[in-house]
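Peer 1: What follows is a structure written as structure tokens; I'll ask about it next.
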Amino acid sequence: MSRQVTVDVRHLTRVEGHGNILVRIKDGKLEEARWDVVETPRFFEVMFKGKDFRSVPLLAARICGICSISHCLTSLAATENAFQLVIPKTAAKVRLLAKHGETLQSHLLHLFFLAMPDFLGVPSVLPLLETNPKAVEIAIRLKGLANRLCEVTAGRTTHPVSLRVGGVTVMPCSDELLDLRGELEHSLDDLAATVDLVKSFELPEFVRETEFVSLKAEDGYPFFGDRVISTDGVECDAANYLEVANEYVDANNTSKWTHLSRGSYVVGALARFNNNHEFLHPEATRVAREMNLEPVCHNPFMCNVAQLVECIHCTHEAMDLIDELIATQPGELTAPVEPKSGQGVGAVEAPRGILFHDYEYNHEGRIVRANCVVPTTQNNANIHRDLSSLVTYFVKQGISDEALELKCSMLVRSYDPCISCSVH
Amino acid sequence: MKYLGIESQRPKIGVFDFTGCEGCQLQLANKEETLAAFLSCIDVVCFREISSASGEGFTIALVEGAISREDEVERIRWIREQAEVLVALGSCACFGGVNRLKNDFDLDEANREVYGDQPKPTLPVRAINEVVPVDLEIPGCPVSKAEVERVVQHLIWEVPFRFPAYPVCLECKQRYTVCVFEMGELCLGPITRAGCDAPCPAAGLGCWGCRGPAQETNFEEFLSVARERGFSEDEIVDRLAFFGGFRGIA
């Protein structure tokens, strides 16, 4: 069959940032399938130079509007490692609670606002206000709660204000925490309804084997950590992140690409699940089984399910954290900060995967050199490689041109790419 | 949406993004308690981050981000031609935002440092109003959704709207925040335009001036007080430059 197909999506919609899909099939043969990030670079690594350690976490947050709390926390960890600081226990708990707020907010935004319209055959969540108001109401309630959790623990949902070098500045008041505790418990019903909703989605059964990289669980499902692991058997200190990412520049992309044991690797909810599933909350594990998510899962579309599983985990862990915070004396919230010359690496599991910030400071506490390796940067090469396999797989099944374009778009969206972040 | 039995005009709104973090657009999908009501009074014809509908014919363009590449110059000119009202959303669109810090460096060297021998096209960062005329500017990093809602109500129903003329200081007093300047933090609250409800000082952080100058600020007096309290020239200059709102003054 001499089939000619061109899929040319310029500026894919319902993703954060600007990226293009190009697929060309000539005489029935796949000529090329590309995922190219064309976002304008901002040169954050250069802008960090000369900045005072107090400005650094604020600047870091501005790398991303969706995962600003993760960028801020990773930045703080890098600076605190450079200054050889240990933050107080209460501060670590408040930070983890803020982290859970962000993970929930980001995953829910993706599941309901960015991914769901594809499965319900609409261009966006907006028509669903009329046709499926119940789903939208659930989305709004869950996302609103996640944002309030961020507000209470980080001072603001986007670009946090109470997270600073040495700890946190504010201990959330117990009334607010108790209110949140109650709402989180109630939200489990909405999450159960979301599980039913996502079960009704027809996730494509596409599989391409790859490598999954995440932080290693040490005392629980990992959001902060010092060790990195992969499904190909790599294990190393997060401080050696350069040997994990092996970043390189691609001619067609403003985002760099990365590779580890094979041509590309994946980070994010599915990677965390594949590497650390035994550390999930039992309720999250039960839902994973119910939704046929089993490690090691190589279907990129199952990232949607892994995100939902993590929402359930984070909700339960957030309730436990609130109980602990209320039951103990807060004590100190910040450690004394003495700027020192030296280098520090911070590693955090941002919603879309492992995030590294690496800073070198001078004795005045100003940055001399900075480097950031961002989750979506690490996923872009893998998305690109998935595309060829996906197109070949579906063309063999005789898919229509229009459906092929949708499948390609859905593939990219399933990675929940944070594109401006990946270019930074 | 009907009001007194009459179908009200839902203005066609397009949301567009340039160099930035897309955090201001995200605010449009936040403030969940009024989200459904907000969406019911506007007709979103173009909003790439959340919708695949690519309708044209928008009358109001909400534009986020700064301009830092040739294709962005062309795109913002096209948006300007289409829109009756162009609103710059957030500090990047209004002032260049943190992106503007890039302009302190040699761009060829910056490119080499990040991309080695494969440099990518880039231009010095400009605010939207340095490229095309802007009708209304809503500063903030990120913007306050409450303020965006008020501006949109103003554009649709002519509900009165004014930016506060006074500085952030007053909002700290209104919410009983202990003055962080008095506690030894450098704070731009005395000279920065209010309207954000002062979340930063409430968290013990000084104001970083993301909304640019208030009206009739006593800039000289602020500088002399800041110096008197022992803040170095470097600290003060760095702070004023952070979001780009004080350029031309500092």
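Since every read-out is calculated from the coordinates, none of them should be taken as a lab result. Since the model is a prediction, treat every value here as computed from it, not as a measurement. Cβ sites come from the backbone with ideal geometry, for glycine too, and all protein chains shown count toward neighbours.
Peer 1: At a Förster radius of 30 Å, what calculated FRET efficiency corresponds to the Cβ-Cβ distance of A:Ala403 and A:Glu294, to the nearest 0.05?
Peer 2: Efficiency for this residue pair is about 0.65.
Peer 1: Averaged over all directions, how much area does the convex hull of the C-alpha atoms of the range B:168-241 cover when projected, in nm²?
Peer 2: Computing the convex hull of the Cα atoms and averaging its projections yields 4.4 nm².
Peer 1: For the protein assembly as shown, with only Lys/Arg (+1) and Asp/Glu (-1) charged at the beta-carbon, what is the dipole magnitude about the Cα centre, in debye rounded to 20? Let's see the in-between values first.
Peer 2: Values: 65 positive and 95 negative charges, 127 e Å.
Using Cβ point charges on Lys, Arg, Asp and Glu, the protein assembly as shown gives about 620 debye.
Peer 1: For the range B:2-157, what is the percent of antiparallel DSSP beta bridges, rounded to the nearest 5?
Peer 2: Here the antiparallel bridges make up roughly 25 percent for the range B:2-157.
Peer 1: DSSP loop trypsin sites (Lys or Arg not before Pro) in the range A:350-390 with at most 11 other Cβ atoms within 10 Å of their Cβ, which ones?
Peer 2: Of the trypsin sites (Lys or Arg not before Pro), not one in the loops of the range A:350-390 has a Cβ with at most 11 other Cβ atoms within 10 Å.
Peer 1: Assuming 0.692 mPa s and 37 °C, estimate D for the range A:258-400 with Stokes-Einstein, Rh taken as the Kirkwood radius over Cα pairs, in µm²/s. Intermediate results must be reported in sequence, preceding the final value.
Peer 2: Values: Rh = 18.5 Å.
Here the translational diffusion coefficient equals 177 µm²/s.
Peer 1: Give me the Kirkwood hydrodynamic radius of the range B:75-131 in Å, from all C-alpha pairs, to one decimal place?
Peer 2: By the Kirkwood definition, the hydrodynamic radius is 13.0 Å.
Peer 1: What does the net charge come to around B:Trp78 if you take all other residues with beta carbon closer than 11 Å to its beta carbon, with K and R at +1 and D and E at -1?
Peer 2: The answer is -2.
Peer 1: What value in Å³ per residue do you get for the convex hull of the alpha-carbon atoms in the range B:2-157?
Peer 2: 118
Peer 1: Next question. Please check which bits of the range A:154-178 a label hung off A:Ala335 would reach, taking the label as a point 7 Å along Cα-to-C-beta and the cut-off as backbone N under 18 Å.
Peer 2: Under cut-off, by backbone N: A:163-170.
Peer 1: Average projected area of the Cα convex hull of the protein assembly as shown, in nm²?
Peer 2: 28.7
Peer 1: Next up: If you find the alpha carbon centre of the range A:210-238 and of the range A:177-194, how far apart are they in angstrom?
Peer 2: Using only Cα atoms to place each centre, the spacing works out to 30 Å.
Peer 1: Out of the range B:144-233, which GluC sites (Glu not before Pro) are coil in DSSP terms and have no more than 15 other C-beta atoms within 10 Å? If you can, show how the numbers build up before the last one.
Peer 2: Details: sites: B:Glu147, B:Glu149, B:Glu158, B:Glu171, B:Glu182, B:Glu185, B:Glu216, B:Glu220, B:Glu221, B:Glu228, B:Glu233; in loops: B:Glu158, B:Glu182, B:Glu185, B:Glu216.
Hits after loop and neighbour filter: B:Glu158, B:Glu182, B:Glu216.
Peer 1: Full extension from B:Glu228 to B:Tyr176: what is 0.36 nm times the residue separation minus their Cα-Cα distance, to one decimal in nm?
Peer 2: The span from B:Glu228 to B:Tyr176 would gain 16.2 nm if fully extended.
Peer 1: Taking the range A:205-319 as the region of interest, what is the percent of Cα-Cα pairs per 10 angstrom bin, listed from the shortest bin to the one with the maximum distance?
Peer 2: Result, from short to long distances: 14, 42, 32, 11, 1 percent.
Peer 1: Toward the positive end of the charge dipole of the protein assembly as shown, about the Cα centre and with charges on Cβ (Lys, Arg +1; Asp, Glu -1), which of A:Met116, A:Thr169, A:Pro295 goes farthest?
Peer 2: Final value for the positive-end residue is A:Met116.
Peer 1: Tell me, how many Å apart are the Cα centres for the range A:1-50 and for the range A:52-83?
Peer 2: So the two Cα centres are separated by 29 Å.
Peer 1: Then there's this: Of A:Ala192, A:Ser106, A:Asn246, which is farthest along the charge dipole of chain A in the positive direction, counting Lys and Arg as +1 and Asp and Glu as -1 at C-beta?
Peer 2: A:Asn246
Peer 1: Quick one: net charge around A:Arg272, please, counting Lys, Arg +1 and Asp, Glu -1 for every other residue with C-beta under 9 Å from its C-beta. Show your work: numbers first, answer last.
Peer 2: Details: positive: none; negative: A:Glu310, A:Glu349.
Around A:Arg272, the charge tally is -2.
Peer 1: Rounded to the nearest 500, what is the 222 nm mean residue ellipticity of chain B from helices alone, with -39500 (n - 2.57) per DSSP H run of 4+ residues and division by all residues?
Peer 2: -9000 deg cm²/dmol
Peer 1: Residue by residue through the range A:96-112, which ³J(HN,Hα) values in whole Hz follow from phi under the Karplus form 6.51 cos²θ - 1.76 cosθ + 1.60 (θ = phi - 60°), with glycine and proline marked x?
Peer 2: My calculation for the range A:96-112 gives 5, 5, 4, 4, 5, x, 5, 4, 4, 4, 5, 4, 5, 4, 5, 4, 8 Hz in order.
Peer 1: To continue, here is another question. Mean projection of the alpha-carbon convex hull of the range A:126-228 over all orientations, in nm²?
Peer 2: The orientation-averaged projected area of the Cα hull of the range A:126-228 comes to 10.5 nm².
Peer 1: Between B:Ala37 and A:Arg34, what FRET efficiency follows from the Cβ-Cβ distance if R0 is 35 Å, with the result rounded to 0.05? Could you put the intermediate results ahead of the total?
Peer 2: Values: r = 42 Å, r/R0 = 1.19.
E(calc), rounded to 0.05, equals 0.25.
Peer 1: With no solvent and one equal point scatterer placed on each C-alpha of the range B:98-150, evaluate the Debye formula and give log10 I(q)/I(0) for q = 0.19 Å⁻¹, two decimals.
Peer 2: For the range B:98-150 at q = 0.19 Å⁻¹, log10 I(q)/I(0) is -0.79.
Peer 1: Please average, across the residues of A:59-68, the number of beta carbons from any other chain that are within 10 Å of each residue's own beta carbon, and give a whole number. Display every interim value, and only then the final one.
Peer 2: Numbers: counts 3, 0, 4, 14, 2, 4, 14, 6, 2, 4.
Per residue, the average neighbour count from other chains is 5.
Peer 1: Scanning chain B for trypsin sites (Lys or Arg not before Pro) in DSSP loops with at most 15 other Cβ atoms within 10 Å, what's the longest stretch left with none?
Peer 2: B:1-161
Peer 1: Still on this model: Are any of the pairs A:Lys143/A:Lys340; A:Lys143/A:Lys407; A:Lys340/B:Lys102; A:Lys216/B:Lys31; A:Lys216/A:Lys340; A:Lys49/A:Lys256 more than 32 Å apart by Cα-Cα distance, and if so, which?
Peer 2: A:Lys143/A:Lys340; A:Lys216/B:Lys31
Peer 1: Principal axes first, then extents: for the Cα atoms of the range B:127-250, list largest minus smallest coordinate on each axis, whole Å, largest first.
Peer 2: Projected onto its principal axes, the Cα set of the range B:127-250 covers 48, 36, 23 Å.
Peer 1: Moving on. Pop out the Kirkwood hydrodynamic radius of the range A:59-122 from its pairwise C-alpha distances, inverse of mean 1/r, in Å to one decimal. Kindly include the intermediate steps, with their values, before the conclusion.
Peer 2: Values: mean 1/r = 0.0740 Å⁻¹.
When all Cα pairs of the range A:59-122 are included, the Kirkwood radius is 13.5 Å.
Peer 1: Please figure out what share of the DSSP beta bridges in the range A:44-397 is antiparallel and state it in percent, rounded to the nearest 5.
Peer 2: 95
Peer 1: Additional query: Could you tell me the distance between the Cα centroids of the range A:386-416 and the range B:67-123, to the nearest Å?
Peer 2: 33
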